[in-house]
């Protein structure tokens, strides 16, 4: 998936219907440059007229990182190939990305705050930022953003504040929303990396590539399409 062409829209996929909502202020990035949604554009109008349109906010969740395998029909090939395939299609109980600043330029507090305000991320409990499906009532949390500089929060006065990295974190949502939630967090991570500089890494300091993101989406698509929720009794039903 190319984020440069969809950085304005996050789709929350419900169990029965697709619920569209827009990150407030987020722009589409096209070949000719960035543009805002326009009512006189047919495609944009469909998005703007969609039900449950709102801002995106963030989530607090526990830091469990255990993996749960999705059942998949066996395919021809060696046992090793099957193990690799199952690993690629594994679903984790939580997902977290770190947006890491360049060594010579830490993220600046006022620049972080400006982006948070511009794109509708809202400061909440513990002085971190949250993304929600329904921002007006702060319902259905999607993911959270915190600083990776102790005490891992953002000060009320961001002037003079810097941090070497920020973490984006979400718990596995209820079925039907997995792909949408991971895309939302992927977009936000790219938004910060592109606007503030830096790279997106995992907790082992490995760069998270587009291929890595695509594999996460593939696994979550299988999870979303699961037949029986009882197969995932040890998974959280929602964030």
- Item | Selection within region 202-225 - farther than 17 Å from residue 187 by Cβ and crowded, with 18+ Cβ neighbours inside 10 Å | 219, 223, 224
- For region 190-200, does any single residue satisfy the condition of being assigned to a loop (DSSP other than H, G, I, E, B) and in contact (Cβ under 8 Å) with a residue 24 or more places away in the chain? yes
- Select from region 137-166 the residues that are under 17 Å from residue 189 (Cα atoms), over 19 Å from the mean Cα position of the chain (by Cα) and in a strand (DSSP E or B) and list them in ascending order. 163
- Task: Given the conditions (1) at pLDDT below 95; (2) within 15 Å of residue 95 (Cβ to Cβ); (3) touching a helix residue (DSSP H, G or I) at 6+ places or on another chain (Cβ under 7 Å), report the number of the one that residue 176 does not fulfil.
- Result: (2)
- Here the residues within region 104-136 that are assigned to a loop (DSSP other than H, G, I, E, B), crowded, with 17+ Cβ neighbours inside 10 Å and free of Cβ contacts under 8 Å to residues at least 60 places away in the same chain are 106
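The values are calculated or read from the model by the stated rules, or taken from the named source; none is laboratory data. Since the model is a prediction, treat every value here as computed from it, not as a measurement. Heads up, the Cβs are rebuilt from the backbone with ideal geometry, glycines too, and the neighbour counts pull from every protein chain shown.
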